[in-house]
Amino acid sequence: MRSVIILGSTGSIGTQALDVISRHHDQFTVLGLSAGGSQIERLAHQIAAIRPPRVALPTQEAADALKKELAQMGVAAPSILAGPLASSDLARTGADIVVNAITGYAGLESTLTVLSAGSTLALANKESLVVGGPLVLASARPGQIVPVDSEHSAFAQVLRAGRREEVSRLILTASGGPFRGHTRHQLSQVSVEQALAHPTWQMGRVVTINSATLVNKGLELIEAVLLFSVGWDQVQVVVHPQSMVHSMVEFRDGSTIAQCSPPDMRLPIALGLSWPARLGDVVPGCDWSQSSQWTFEPLDDVTFPAVELARRVGRAGGTTPAVFNAANEVCVDAFCDKRIGFLDIVDTITAVVGDYETHQREVSDQTEQPETGLTLTAIRTADAWARARTEARLEALAG
């Protein structure tokens with residue numbers, strides 16, 4: 001029996017993780033749930049179904065709302081942690097596995113806490129690895145981080161077919177999102193509703209918009225380099241609209257091995273919970289009795305420049321990936337609030353990254369102190385700088 005804590009239990013990954021656990025209740029016990037507080041009713045129903053001893057919420061107001069909801073349902077309230085660090089405090093209480101499904105930069109503190117506590121980290125919050133980079137990896141023991149992203153789960157599975165020194169390159173597949181084949185002019189007319197209509201996956205708002213801009217694939221590229229210790233030129237992105245091949249590894253002898261399954265996040269989630277073993281009865285396999293066609297095409301880097309921008313910031317390292325991520329989070333919110341257009345998202349991120357590169361050169365010219373490595377303070381400073389700079393650019397754009 002493995003004990004589990006789920007951070008971000010009311011989101012897409014969290015709800016599917018609980019679905020997997022519910023069908024394997026003889027193998028897992030849930031010790032705690034955390035949520036952002038926007039879906040109190042859903043959290044209350046999760047508590048009623050699994051009766052976790054502890055729950056975490058970011059504010060006392062959300063905690064009070066949960067207690068009221070549970071009382072109306074006739075369900076006894078668990079111990080509730082409340083406050084901005086409640087998810088990290090919950091993670092610190094200890095479990096065999098902690099699923100970090102918090103969205104965005106906000107998941108970094110919890111990632112570091114899980115690693116420090118010694119739990120296995122089933123990582124769905126790619127942003128914490130992207131912005132934390134070497135700091136996160138240095139905090140982890142070998143094998144402590146198990147990826148939950150379908151592409152990185154695919155890499156982890158396929159890499160068991162050979163030794164790391166035999167790997168030629170990782171081939172990261174992308175669905176292409178809802179705007180595959182569009183021109184830049186067509187993208188200028190895109191609405192929020194269109195961007196949220198992903199053709200393959202059902203995901204949360206931020207990840208869905210990131211998939212439409214392909215920023216998500218850029219984040220995944222950085223994640224792949226960090227997790228699997230390959231060079232920046234050893235990850236190739238290809239467009240595969242059917243989303244049946246979740247990624248591939250090409251070995252030095254010319255052999256390419258792929259991981260294939262229908263597009264269902266319960267499979268990588270289940271592997272995140274049970275790795276390196278496999279659970280039964282997770283998702284239906286491919287139906288090989290039916291005629292089907294899987295296609296692959298190169299990524300249009302001109303229309304969708306986010307992937308190459310991510311490769312650039314990844315090479316720069318340090319706090320530059322944190323700036324890339326922060327600028328994106330601000331721009332996604334602005335787009336969803338209809339303050340900016342679709343193309344303004346990546347255009348603004350590119351401009352902010354350029355601003356930061358200039359800023360870093362100016363700071364470097366003014367000090368003779370050598371850099372001592374990535375720190376949490378440096379990441380927080382860069383994140384705050386990027387958010388302020390992005391808002392300034394958006395205000396100028398609106399003006």
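The values are calculated or read from the model by the stated rules, or taken from the named source; none is laboratory data. Keep in mind the model is a prediction, meaning the values are calculated, not measured. Reconstructed Cβ throughout: ideal geometry from the backbone, glycine too, with neighbour counts over all protein chains shown.
One residue is enough: does the range 7-19 have a residue meeting the conditions more than 19 Å from the chain's Cα centre (by Cα) and either at pLDDT below 95 or in a helix (DSSP H, G or I) (or both)? Yes, because at least one residue in the range 7-19 is more than 19 Å from the chain's Cα centre (by Cα) and either at pLDDT below 95 or in a helix (DSSP H, G or I) (or both).
Any idea which of D355, D347, D337 is surrounded by 17 or more Cβ atoms within 10 Å (Cβ to Cβ), acidic (D, E) and not assigned by TED's automatic domain parsing to the domain that holds V225?
D355
Considered as a group, the residues in the range 123-162 that are in a helix (DSSP H, G or I) and basic (K, R) include one that is surrounded by the most Cβ atoms within 10 Å (Cβ to Cβ), and that residue is K126. Residues of the range 233-265 that are part of a loop (DSSP other than H, G, I, E, B) and either in contact with a helix residue (DSSP H, G or I) (Cβ under 8 Å, 6 or more places away or on another chain) or farther than 19 Å from S168 by Cα (or both): H240, P241, Q242, S243, M244, R252, D253, S261, P262, P263, D264, M265. Do we have any residue at all in the range 190-205 that's part of a helix (DSSP H, G or I), within 13 Å of the chain's Cα centre (by Cα) and closer than 30 Å to L343 by Cβ? Yes, some residue in the range 190-205 is part of a helix (DSSP H, G or I), within 13 Å of the chain's Cα centre (by Cα) and closer than 30 Å to L343 by Cβ. Among residues of the range 302-317 that are surrounded by 20 or more Cβ atoms within 10 Å (Cβ to Cβ), those with a beta-carbon under 8 Å from a residue that is assigned to a helix (DSSP H, G or I) and among the charged types (D, E, K, R) at least six positions away or on a different chain give the pairs A306/K217; V307/K217; A310/K217.
Has the range 293-315 got any residue that is closer than 30 Å to V4 by Cα and not hydrophobic (A, V, I, L, M, F, W, C)? Scanning the range 293-315 turns up no residue that is closer than 30 Å to V4 by Cα and not hydrophobic (A, V, I, L, M, F, W, C).
For the range 102-122, filtered to residues that are β-branched (V, I, T), in contact with a strand residue (DSSP E or B) (Cβ under 7 Å, 6 or more places away or on another chain) and farther than 22 Å from G317 by Cβ, the residue that is surrounded by the fewest Cβ atoms within 10 Å (Cβ to Cβ) is T120. Selection over the range 309-338 of residues that are part of a helix (DSSP H, G or I) and within 24 Å of E193 (Cβ to Cβ) gives a count of 10.
Look at (1) touching a strand residue (DSSP E or B) at 6+ places or on another chain (Cβ under 6 Å); (2) outside any strand (DSSP E or B); (3) over 15 Å from A101 (Cα atoms) and you find that G37 fails only one, number (3).
Filtering S79, S34, S38, S3 for residues that are surrounded by 24 or more Cβ atoms within 10 Å (Cβ to Cβ) and either of a type outside the set (A, V, I, L, M) or free of Cβ contacts under 8 Å to residues at least 40 places away in the same chain (or both) leaves a single hit, S34.
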